[in-house]
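Input: a single structure, listed below in structure tokens.
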Amino acid sequence: MRSLLFKSLAKDPVTIDGPGADARAAKELASTLDDLARRVLGRSLVIREIDAGSCNGCELEIHALNNPVYDLERLGLKFAASPRHADVLLVTGPVTHNMRMALERTWRATPDPKWVVALGDCACSGGVFAGSYACVGPVSAVVPVDLHITGCPPRPVEILKGLVALLDAASRSGAAGGRSL
Amino acid sequence: MVRRSRKSSKHAGAAPRSWPRRVVDAKAWVAQAEALGRGEGDLVALFGEADRVHMAVRNTAGPQILTLAVNDGRFPSVGSRHAPAIRLERAIRDLFGHEPIGLADTRPWLDHGAWPLAAPLSKRRLAAAPRSPTEYKFLPVEGEDLHQIPVGPVHAGIIEPGHFRFTANGETVVRLEERLGYVHKGVEWLMQGATVERAATLVGRVSGDSTVAYAFAFALAVETALRIEVPVRAVYLRALMAELERIANHLGDFGAVCNDATFVLIHAHCGILREQVLQASDAAFGHRLMRDCIVPGGVATDISAENIRRLKALVEAIGPRFRELVTIYDDTPSLQDRTVTTGTVSGDLVRRFAAGGYVGRASARDFDVRRDLAYAPYEKFAIDVPTLQAGDVDARLRIRLLEIEASLKLVRRILEGLPRGPLRAPMRAAKDEREGVGLVEGFRGDVFVYVRLAADGTVARCHPRDPSWFQWPLLEVAVKDNIVADFPLCNKSFNCSYSGHDL
Ligand code: SF4
């Protein structure tokens with residue numbers, strides 16, 4: 001184990017330079033995101049993820065945000081276990097009827113100011129499952145949505161871009177209130 | 001002690017195993033259910049239609065499907081004679097309104113009382129009987145100083161929703177009862193009358209982590225139905241994608257289990273290796289998870305010489321770095337202490353439930369579709385099927401590690417032997433009704449897809465069955481008598497699918 005630790009220390013960081021083109025995009029997004037988080041909230045941005053009917057594909061790319069290549073936490077973004085600690089609700093899937101109440105309860109448990117991001121085609125429009133008896137439809141049919149990030153699933157860098165856009169809009173409007181977009 | 005058997009699969013030949021289907025009477029249906037109850041053969045699938053029910057089994061007579069007409073809305077329960085069928089029958093009742101005669105559990109399973117109609121897949125338009133989704137009678141508990149811990153459906157991590165009702169005596173889990181169905185999206189209803197292309201996009205989104213395995217099984221089912229011969233280059237590319245999906249998922253699970261045991265170093269490095277596999281897949285096939293790449297008749301995208309070189313280099317680079325992580329896992333007693341003898345499942349239980357994948361193989365169930373019901377191109381390769389005995393978290397993890405090694409070799413051999421040629425056979429319209437089955441070894445176990453096409457080529461019925469149906473119940477057994485804190489570890493070592501199960 002010590003040899004791996006030593007090698008990891010000796011090597012240059014894998015975080016940004018690992019992947020190809022994505023790295024440059026992530027690098028460019030990273031700094032703007034961190035400043036915005038500081039300016040808008042004075043601290044990092046806390047996210048609570050809710051799967052409201054996803055096929056699990058979107059979850060896989062959200063997991064990727066936490067891997068050392070994208071390494072969300074160094075950008076001032078963090079996932080929280082409880083909605084009570086969250087600024088942003090990241091919601092995936094065509095809201096199924098069976099998840100509607102849980103989504104509403106989690107939304108109510110999230111203190112203001114809060115933002116809701118609909119992640120993935122299903123969350124944005126119901127996706128391929130639109131019209132099913134089992135689905136309510138897009139997230140916006142259940143809770144107010146501040147930002148839509150399309151894709152099936154959206155790539156990690158596209159998710160990062162979305163979070164930057166959200167913070168940028170929030171900080172431009174200067175208001176702390178989540179609903180001011 | 002790792003046992004590896006490569007007994008060449010009894011069913012050589014590239015033609016996908018055909019699944020003869022015959023209509024039976026109630027007596028033969030009950031006899032088959034009782035045979036399963038005695039441990040003769042495996043229950044592979046149990047699913048309904050508006051006017052019939054189907055039971056897919058695999059026994060000494062080979063794979064086959066029994067069909068029983070349902071005239072008065074009832075059919076003899078298989079679940080009352082063979083436990084693995086219980087939840088499947090509760091789902092049939094919810095979706096088709098057919099009552100399994102003799103099934104003790106009368107509670108709905110997928111229907112939480114929130115749908116706008118009842119029995120959505122039945123012919124009769126039944127008005128909904130709305131209930132509060134929280135109204136669900138969990139099994140009663142007696143005994144002092146027992147307390148219940150409700151967990152979910154929204155969980156602390158980034159994970160699919162499901163409810164886990166723990167009954168604990170202090171720190172020890174006395175019972176875990178699962179409640180699923182939260183992400184039920186009505187996939188089978190949406191596929192009724194759909195074109196094959198539309199159904200393919202739906203099947204590829206039943207479970208995002210297994211989109212290749214599902215597309216593969218669906219394609220095999222359609223090709224069997226329409227007797228389409230897939231070009232050999234496409235067949236090799238399908239196996240390449242399936243093995244890349246397996247490697248990426250196993251790397252993710254290896255890291256996640258160590259992370260749940262608070263050992264972040266392996267989690268971080270597995271995250272890097274997994275990301276490299278996803279990026280190489282993205283470059284080669286245009287999608288990180290390789291979604292919509294396998295299509296009925298062949299594959300949608302070709303792979304360039306440059307990407308073949310990149311994948312060959314990736315496989316060479318990952319091997320040694322992955323083995324270094326395995327050494328660290330072996331050399332860390334604190335990790336072993338958490339995984340060894342935690343979440344044990346007996347060999348008898350995995351055989352009774354015909355539990356596939358690492359769940360089965362970690363408890364000595366020696367079954368892998370790529371070897372035992374070989375489908376193209378796997379009959380061309382010697383498939384190494386490692387099994388262990390212990391059936392605990394450590395064994396389920398080690399099976400994944402052995403499978404990563406085997407899949408890295410397989411990817412290398414597939415790339416070396418990749419033949420030239422077309423990517424897709426033309427789709428053929430049949431003038432009459434056709435049906436077919438696809439069974440594929442997904443990373444989590446065998447994915448079964450039955451499809452019947454109407455004369456006009458649209459989907460009359462399509463039933464995808466996720467391997468989790470026969471793994472979720474075993475998780476309830478695995479956590480018994482373990483400490484509550486070890487549940488995340490056990491759960492991650494199973495990594496069952498919620499969306500694949502809920503459909
Ligand atoms: S957008 Fe795609 S990946 Fe995300 S939940 Fe929907 S089907 Fe799955």
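The values are calculated or read from the model by the stated rules, or taken from the named source; none is laboratory data. Given the structure is predicted, the values throughout are model-derived calculations rather than measurements. For neighbour counting, all protein chains shown are included, and Cβ atoms are generated from backbone atoms with ideal geometry for every residue, glycine included. What goes into the accessible areas is simple: the full protein's heavy atoms, side chains included, and nothing from ligands, DNA or RNA. Shrake-Rupley method; radii C 1.70, N 1.55, O 1.52, S 1.80 Å.
Of B:E441, B:E435, which residue is among the acidic types (D, E), open to solvent by 10 Å² or more (accessible area, probe 1.4 Å) and at pLDDT 95 or above? Reasoning before the result, please.
Working: B:E441 fails: open to solvent by 10 Å² or more (accessible area, probe 1.4 Å).
Exactly one of B:E441, B:E435 is among the acidic types (D, E), open to solvent by 10 Å² or more (accessible area, probe 1.4 Å) and at pLDDT 95 or above, namely B:E435.
Looking only at the range A:71-108, how many residues end up being more than 12 Å from chain B (Cβ to nearest Cβ) and within 16 Å of the ligand (Cβ to nearest atom)?
Of the residues in that region, 0 qualify.
Let me confirm something: among B:L325, B:L388, which residue is away from chain A (no Cβ under 14 Å), open to solvent by less than 30 Å² (accessible area, probe 1.4 Å) and under 14 Å from B:L401 (Cβ atoms)?
Numbers: B:L325 fails: away from chain A (no Cβ under 14 Å).
Exactly one residue qualifies, and that residue is B:L388.
Take the residues of the range A:126-140 that are within 14 Å of chain B (Cβ to nearest Cβ), closer than 28 Å to A:V157 by Cβ and open to solvent by 30 Å² or more (accessible area, probe 1.4 Å): which is nearest to the ligand (Cβ to nearest atom)?
A:V128
Restricting to the range B:282-297, name every residue that is within 22 Å of the chain's Cα centre (by Cα) and more than 15 Å from the ligand (Cβ to nearest atom).
The answer is B:I294, B:V295, B:P296.
Could you list, in sequence order, the residues of the range A:51-70 that are within 16 Å of the ligand (Cβ to nearest atom) and part of a loop (DSSP other than H, G, I, E, B)? Even if it seems obvious, please write down each step before you answer.
Going residue by residue through the range A:51-70, those that are within 16 Å of the ligand (Cβ to nearest atom) are A:51-65.
Once the filter is applied, which keeps residues that are within 16 Å of the ligand (Cβ to nearest atom) and part of a loop (DSSP other than H, G, I, E, B), the range A:51-70 yields A:A52, A:G53, A:S54, A:C55, A:N56.
Does any residue of the range A:85-97 turn out to be out of contact with any strand residue (DSSP E or B) (no Cβ under 8 Å at 6 or more places or on another chain), touching a residue at least 24 places away in the same chain (Cβ under 8 Å) and not aromatic (F, W, Y)?
First, the residues of the range A:85-97 that are out of contact with any strand residue (DSSP E or B) (no Cβ under 8 Å at 6 or more places or on another chain): none.
Checking the range A:85-97: not a single residue is out of contact with any strand residue (DSSP E or B) (no Cβ under 8 Å at 6 or more places or on another chain), touching a residue at least 24 places away in the same chain (Cβ under 8 Å) and not aromatic (F, W, Y).
Show the residue pairs meeting these rules: Cβ distance below 7 Å; 6+ apart or different chains; first residue within the range B:22-36 and farther than 16 Å from B:Q64 by Cβ; second residue at pLDDT 95 or above.
Within 7 Å, the pairs are B:A26/B:L68; B:A26/B:P76; B:V30/B:P76; B:E34/B:R81.
Out of B:R131, B:R124, I need the residue that is within 14 Å of chain A (Cβ to nearest Cβ) and out of contact with any helix residue (DSSP H, G or I) (no Cβ under 9 Å at 6 or more places or on another chain). Which one? Full working, then the answer.
Numbers: B:R124 fails: within 14 Å of chain A (Cβ to nearest Cβ).
None of the other options fit; the residue is B:R131.
Residues in the range A:88-115 that are farther than 28 Å from B:H112 by Cα and open to solvent by 10 Å² or more (accessible area, probe 1.4 Å): how many?
Final tally of qualifying residues: 4.
If I filter the range B:145-160 for residues that are over 30 Å from A:S82 (Cβ atoms) and either within 11 Å of chain A (Cβ to nearest Cβ) or assigned to a helix (DSSP H, G or I) (or both), do I get at least one hit? Full working, then the answer.
First pass over the range B:145-160, keeping only residues over 30 Å from A:S82 (Cβ atoms): none.
Checking the range B:145-160: not a single residue is over 30 Å from A:S82 (Cβ atoms) and either within 11 Å of chain A (Cβ to nearest Cβ) or assigned to a helix (DSSP H, G or I) (or both).
If the Cβ limit is 9 Å and pairs must be 6+ apart or interchain, which residue in the range B:309-333 that is without any contact (Cβ under 8 Å) to a residue 40 or more places away in the chain pairs with which residue that is surrounded by 12 or more Cβ atoms within 10 Å (Cβ to Cβ) and among the β-branched types (V, I, T)?
B:L314/B:V277; B:L314/B:V411
Say we look at the range B:260-288 and pick out the residues that are over 25 Å from B:L415 (Cβ atoms) and without any contact (Cβ under 8 Å) to a residue 60 or more places away in the chain; which of these is most open to solvent (accessible area, probe 1.4 Å)?
B:T262
If we keep just the residues of the range B:260-274 that are of a type outside the set (A, V, I, L, M, F, W, C) and out of contact with any Gly (no Cβ under 7 Å at 6 or more places or on another chain), which is nearest to the other protein chains (Cβ to nearest Cβ)? First the steps, then the outcome.
So the first thing to find is which residues in the range B:260-274 are of a type outside the set (A, V, I, L, M, F, W, C), and the list is B:260, B:262, B:267, B:269, B:271, B:274.
So of that shortlist, the ones also out of contact with any Gly (no Cβ under 7 Å at 6 or more places or on another chain) come out as B:260, B:262, B:269.
On the way: B:D260: 13, B:T262: 15, B:H269: 8 Å.
Selected residue: B:H269.
Could you check how many residues of the range B:182-241 are away from chain A (no Cβ under 11 Å), open to solvent by 10 Å² or more (accessible area, probe 1.4 Å) and within 15 Å of the ligand (Cβ to nearest atom)?
1
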